[in-house]
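Heads up, the thing below is written out as structure tokens.
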Amino acid sequence: MTDPTTAETPTETIRDLSKARDVIVCENVSKWYGDFQALDRVSATIKEQEVVVVLGPSGSGKSTWIRCINRLEQHQEGRIVVDDVELTNDLRNIEKVRSEVGMVFQQFNLFPHLTILDNVTLAPIWVRKKPRPEAESQAMALLERVGIPEQAQKYPGQLSGGQQQRVAIARALAMEPRIMLFDEPTSALDPEMIKEVLDVMKTLAESGMTMMVVTHEMGFAKEVADRLIFMEGGQIVEQNSTEEFFSNPTEERTKLFLSQIL
Amino acid sequence: MTGLDSSNVSSTTAGGQPPAATPVSKIAPPVTPKLSIWEWVKENLFSSPFNCGLTVVTTVILLAIFRGLLAFIFNPVRQWNGVATNLRLMMTRAYPEEQYVRIWVCVAVILILTSLSMAIWHAGSALSVSEVGRKLLTTGTILVLFALLAPFSTAATMLWLLVALVVLGFAEFLRRSSRGLEGQTISTLTLLVLTLSGLVASLWVIPYGHHSYIPKRDPRVLAEPGTVALSTKLPWTLMLVIAVVAYFTGRALRDRLPANATRITLIVLWLLAPPALLYLVLRDPAFDMNHVATTDLPIFAAYAIGGTALLSWLTRPSTGELGRIVSAIILLAGFCSFLTPMRMIVRIDMLALAIFALAAPTFSGGPRAQKRYVASWIGLLGVMSWLITAINTPSTVSVPGGFFIGGMSITLMVAVFTLVISFPLGIALALARTSSMPIFRLLATWFIEFVRGIPLITILIFFSIMVPLFLPRGMHLGEVAAVIIGYVLFSSAYLAENVRGGLQSITRGQQEAADAVGMTSAQKTLFIVLPQALRVSIPPLVGHCIGVFKETSLLAIIGVFDILYIGRIVIPGQTEFMGSTKENVLFVSLIYWIFAYQMSKASQRLEQRTGLGER
Ligand SMILES: Nc1ncnc2c1ncn2[C@@H]1O[C@H](COP(=O)(O)OP(=O)(O)O)[C@@H](O)[C@H]1O
Ligand SMILES: [Mg+2]
């Protein structure tokens with residue numbers, strides 16, 4: 001069992017990522033919904049083990065972008081390369097990328113007809129072709145890690161929102177992805193449950209997972225992110241290291257956004 | 001997998017646990033005060049002057065209807081003898097009496113499967129004693145009404161009132177004695193077995209009379225006083241014993257065997273039972289061993305060996321695009337085989353192999369998964385070959401005229417076959433109608449709309465008369481088989497629409513979650529979309545099943561001797577029972593109702609059970 005998260009143990013919060021490999025490369029990615037341009041020449045590179053937080057007002061195209069990276073949406077122009085695989089219409093490439101990239105949704109999207117354990121083991125068994133006992137022990141280890149092993153035999157409907165989102169994270173991790181995408185993972189949660197999910201994400205980041213996170217949790221961004229990307233109107237307005245981004249943003253629009261949100 | 005800092009995890013566990021998961025609430029919920037019967041009646045039936053009026057009027061109307069019905073049933077002019085004498089005719093038509101053990105074997109197999117399933121799926125629930133008391137109280141009240149309203153002689157009325165009073169007294173005793181012990185319960189299964197035992201015991205004790213219709217050259221009616229014939233009460237007693245024994249065997253096995261494997265085996269047995277019972281047990285084919293050895297076995301062996309090789313290759317995860325191309329070619333070859341003359345079984349096997357080949361990548365995996373897939377292919381092939389051979393072999397059971405069974409048996413047979421075949425077909429149609437491939441969508445839509453625009457009776461007539469004419473030379477299809485095919489097409493179109501309703505209820509988020517973990521669209525459909533869609537469609541699907549079951553009575557119009565036809569035409573045709581149509585039809589309706597009501601109850605239980613996973 002090769003586990004991408006064991007690659008390197010991080011020592012400090014400030015990491016030297018300059019020599020790390022590029023795992024996500026977007027070059028001038030554009031996307032239209034009908035006449036409406038949702039992404040406008042988005043270019044960004046994300047390095048291995050990097051944690052990038054994407055900020056921006058509602059409707060700025062954050063979800064659209066992050067969903068293009070595992071091909072839940074199709075981009076129409078530009079290039080997206082994930083782990084050296086370019087996303088085209090080729091089904092095999094899409095399958096390869098999807099098994100490398102885990103995704104966590106705002107609405108959890110757990111499978112309500114399956115137990116928690118089955119939710120986590122389904123894909124490893126049928127997509128990764130793992131024997132069931134192995135998949136189950138791995139799933140139990142993951143549930144242990146997100147702190148809810150005792151719920152394994154329950155159904156999603158019997159869990160709180162925070163617990164469901166942690167199961168969703170475990171489900172994504174069970175595929176042993178190299179990259180994790182989070183689309184507003186805490187936006188559908190009651191305030192008292194946000195922390196338990198953010199804590200899990202924090203430990204995941206510390207373990208060296210490459211992460212791309214859309215969130216409005218500024219505390220999380222400041223503490224965990226290596227880099228911030230600010231989007232508006234389908235464009236990347238500004239991207240910078242966390243410290244620089246908060247202490248002296250260059251763009252007017254970023255300043256305005258920060259003044260509203262902080 | 002290691003990597004996350006363990007100290008962090010424990011802090012998450014300790015701090016992040018919502019209070020809901022920890023057992024804090026030890027306080028019992030507030031008890032809702034139970035209303036006494038009079039309070040309940042007052043609150044619900046006589047709360048306002050209008051309500052009072054409504055209650056009184058409705059009660060009077062209901063009593064009048066009840067009384068009218070009883071007056072009809074117990075009118076001395078009624079010829080219930082017609083039903084009593086012709087029970088065997090109504091159940092199986094002219095199935096030979098000396099072969100009747102075959103019928104009992106079928107009943108036994110179905111009962112064994114039912115009992116095993118009840119044990120394995122934990123059927124039944126606990127009923128509190130006071131609840132049982134309340135139910136008996138209702139029964140007693142109905143009995144009192146029955147005794148008072150039925151046109152009995154004074155002596156009979158007194159007897160029935162006595163019975164009712166005993167029931168009421170027992171009910172009240174249960175209610176009172178359970179006051180102190182709230183937790184005392186009794187299993188619904190125990191109650192069921194007690195009731196059935198009572199019924200079976202009554203066969204030995206109560207003088208229902210010994211009736212029979214003997215269809216000789218000049219038919220004779222046998223009606224003797226006493227209990228029912230030994231050939232009735234003995235098998236039923238045995239059946240009850242078999243069912244109970246099977247249940248306890250199932251209970252004993254339940255904890256020793258792996259749950260999933262047992263359940264899948266049972267489902268497979270349920271699917272195999274109808275054709276196997278019909279074609280192997282009831283029909284008793286006279287196998288021609290020579291033909292079997294020279295034709296059937298070689299074909300089976302060829303497909304078994306070739307299929308094993310092909311499927312072992314296809315289920316290897318490394319087999320890529322080439323596998324799909326090969327599977328598609330086999331499918332095409334399967335369809336093309338209909339253009340040239342050859343044995344039907346060769347074509348059917350080819351199509352089945354193509355379907356297995358196409359599904360292979362979904363089930364690919366390690367050596368164990370591969371072996372399991374190949375084994376299921378050989379299993380299916382074996383069963384298919386065996387059945388097709390049995391179907392093509394002449395029967396040794398000689399039954400005059402028409403199909404070899406009739407009455408209730410053919411009603412059940414047609415309903416079961418139609419439903420079992422039309423379910424996968426209907427699901428496939430629904431998937432095709434919602435698929436992203438325009439050609440599938442178009443074909444499915446046309447088919448569904450076409451079939452739904454035609455009355456069922458037209459389809460049945462068309463298939464019974466026209467289809468045998470259109471068949472290629474050398475291929476024979478019995479009339480019943482032809483009609484079942486027509487019925488299957490009709491049923492699958494309606495099923496497809498019910499399932500489509502369920503499919504539309506699946507949110508996009510579910511599909512995306514499945515996509516995001518890399519499932520293929522077949523896996524997504526099989527594991528995510530269909531289970532949820534079917535669960536949502538349970539109520540309309542059960543409604544459809546009940547409809548299909550009841551509408552088998554239309555078969556009478558094309559000359560199949562189903563139970564309604566026998567009750568309506570055949571029995572009144574016997575000189576002794578001319579003019580007994582009303583009684584027979586009432587009895588037949590009662591039988592239909594019992595079955596339909598059981599299906600409806602089963603659906604409610606199924607809904608409650610599967611509701612567990614609901615959000
Ligand atoms: N399926 C769709 N069809 C049409 N317009 C869409 C669709 N999805 C998103 N959009 C539009 O694209 C823009 C970006 O959406 P989104 O990426 O969801 O924004 P964000 O996640 O930043 O709030 C919005 O204006 C939204 O209305
Ligand atoms: Mg969004």
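For the reader, a short list of remarks on this structure follows.
- Output for the stretch B:560-585, where each listed residue is in a loop (DSSP other than H, G, I, E, B) and among the aliphatic types (A, V, I, L, M): B:560, B:578
- Residue identified as of a type outside the set (Phe, Trp, Tyr) and without any contact (Cβ under 8 Å) to a residue 12 or more places away in the chain among B:129, B:77: B:77
- Residue tally, condition open to solvent by less than 70 Å² (accessible area, probe 1.4 Å), among the polar types (S, T, N, Q) and within 16 Å of ligand 1 (Cβ to nearest atom), over the stretch A:58-102: 4
- Within the stretch B:132-161, the residues that satisfy the criterion of being closer than 23 Å to residue B:602 by Cβ and without any contact (Cβ under 8 Å) to a residue 40 or more places away in the chain are B:135, B:138, B:139.
- Residue within the stretch A:171-192 that is surrounded by 18 or more Cβ atoms within 10 Å (Cβ to Cβ), among the β-branched types (Val, Ile, Thr), at the interface with another protein chain (Cβ under 8 Å from one of its Cβ atoms) and away from ligand 2 (no atom under 16 Å from the Cβ) present: no
- Of the candidates B:197, B:178, the single residue that is touching a residue at least 40 places away in the same chain (Cβ under 8 Å), surrounded by 15 or more Cβ atoms within 10 Å (Cβ to Cβ) and small (Gly, Ala, Ser) is B:178.
- Residue B:162 being surrounded by fewer than 15 Cβ atoms within 10 Å (Cβ to Cβ) and under 29 Å from residue B:61 (Cα atoms): yes
- Residue match in the stretch A:90-98 (condition: in a loop (DSSP other than H, G, I, E, B) and in contact with a helix residue (DSSP H, G or I) (Cβ under 7 Å, 6 or more places away or on another chain)): no
- Checked against the criterion of being small (Gly, Ala, Ser) and free of Cβ contacts under 8 Å to residues at least 40 places away in the same chain, the candidates A:102, A:59, A:78 yield just one match: A:59.
- Being at pLDDT below 95 and either away from ligand 2 (no atom under 16 Å from the Cβ) or not small (Gly, Ala, Ser) (or both) is a property that residue A:82 has.
- Residues being under 24 Å from residue B:510 (Cα atoms) and at the interface with chain B (Cβ under 9 Å from one of its Cβ atoms) are represented in the stretch A:197-213 by at least one member.
- Selected residue (only one of A:234, A:208 is within 16 Å of ligand 1 (Cβ to nearest atom) and surrounded by 15 or more Cβ atoms within 10 Å (Cβ to Cβ)): A:234
- Within the option set B:81, B:51, B:75, B:86, being modelled with pLDDT of 80 or more, away from chain A (no Cβ under 14 Å) and in contact with a strand residue (DSSP E or B) (Cβ under 6 Å, 6 or more places away or on another chain) holds for one residue only, B:86.
- Residue match in the stretch A:168-184 (condition: without any contact (Cβ under 8 Å) to a residue 60 or more places away in the chain, within 26 Å of residue B:522 (Cα to Cα) and more than 20 Å from the chain's Cα centre (by Cα)): no
- Wholly within the stretch A:160-262, strands (runs of 3 or more DSSP E) carrying at least 2 residues that are under 30 Å from residue A:147 (Cα atoms): A:179-183, A:210-214, A:227-232
- Restricting attention to the stretch B:548-567, the residues being within 19 Å of the chain's Cα centre (by Cα) and open to solvent by 20 Å² or more (accessible area, probe 1.4 Å) number 3.
- Each residue in the stretch B:535-566 was checked for being without any contact (Cβ under 8 Å) to a residue 60 or more places away in the chain and within 14 Å of chain A (Cβ to nearest Cβ), and 2 of them qualify.
- Looking only at the stretch A:130-143, residues that are in a helix (DSSP H, G or I), surrounded by fewer than 18 Cβ atoms within 10 Å (Cβ to Cβ) and within 8 Å of chain B (Cβ to nearest Cβ) come to 1 in all.
- Residue under evaluation residue B:384, criteria (1) under 23 Å from residue B:482 (Cβ atoms); (2) surrounded by fewer than 17 Cβ atoms within 10 Å (Cβ to Cβ), criterion not met: (2)
- Against the test of being surrounded by 18 or more Cβ atoms within 10 Å (Cβ to Cβ), under 27 Å from the mean Cα position of the chain (by Cα) and aromatic (Phe, Trp, Tyr), the options B:417, B:363 yield a single qualifying residue, B:417.
- Candidate set from the stretch B:490-506 (those that are of a type outside the set (A, V, I, L, M, F, W, C) and open to solvent by 20 Å² or more (accessible area, probe 1.4 Å)); member that is farthest from the other protein chains (Cβ to nearest Cβ): B:494
- Among the criteria (1) part of a loop (DSSP other than H, G, I, E, B); (2) surrounded by 19 or more Cβ atoms within 10 Å (Cβ to Cβ), the one residue A:154 does not fulfil is (2).
- From the options B:518, B:478, B:509, B:486, residue that is farther than 29 Å from residue A:124 by Cα and either within 12 Å of chain A (Cβ to nearest Cβ) or surrounded by fewer than 18 Cβ atoms within 10 Å (Cβ to Cβ) (or both): B:478
- Every condition in (1) more than 14 Å from chain A (Cβ to nearest Cβ); (2) open to solvent by 20 Å² or more (accessible area, probe 1.4 Å); (3) in a loop (DSSP other than H, G, I, E, B) is met by residue B:436 except one, and the failing one is (1).
- Selection status of residue B:241, loosely packed, with under 14 Cβ neighbours inside 10 Å and at pLDDT 95 or above: yes
Quick grid of which residues meet (1) more than 16 Å from ligand 2 (Cβ to nearest atom); (2) without any contact (Cβ under 8 Å) to a residue 60 or more places away in the chain; (3) not hydrophobic (A, V, I, L, M, F, W, C):
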{"residue": "A:205", "(1), (2), (3)": "yes, no, no"}
{"residue": "A:210", "(1), (2), (3)": "yes, no, yes"}
{"residue": "A:214", "(1), (2), (3)": "no, no, no"}
{"residue": "A:218", "(1), (2), (3)": "yes, yes, no"}
{"residue": "A:224", "(1), (2), (3)": "yes, no, no"}
{"residue": "A:228", "(1), (2), (3)": "yes, no, no"}
{"residue": "A:239", "(1), (2), (3)": "yes, no, yes"}
{"residue": "A:253", "(1), (2), (3)": "yes, yes, yes"}
{"residue": "A:259", "(1), (2), (3)": "yes, yes, yes"}
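- Once the stretch A:103-121 is narrowed to residues that are closer than 30 Å to residue A:25 by Cα and facing chain B (nearest Cβ under 8 Å), the residue that is surrounded by the most Cβ atoms within 10 Å (Cβ to Cβ) is A:103.
- Boolean, residue B:445 is more than 11 Å from chain A (Cβ to nearest Cβ) and closer than 30 Å to residue A:173 by Cα: no
The values are calculated or read from the model by the stated rules, or taken from the named source; none is laboratory data. This one's a predicted model, so the numbers in the text were calculated from it and none came from an experiment. Because the Cβ atoms are built from the backbone with ideal geometry, glycine has one as well, and the counts that use them run over all protein chains shown. Side chains are part of the model used for accessible areas, which takes the heavy atoms of the whole protein and leaves out ligands, DNA and RNA. Shrake-Rupley method; radii C 1.70, N 1.55, O 1.52, S 1.80 Å.
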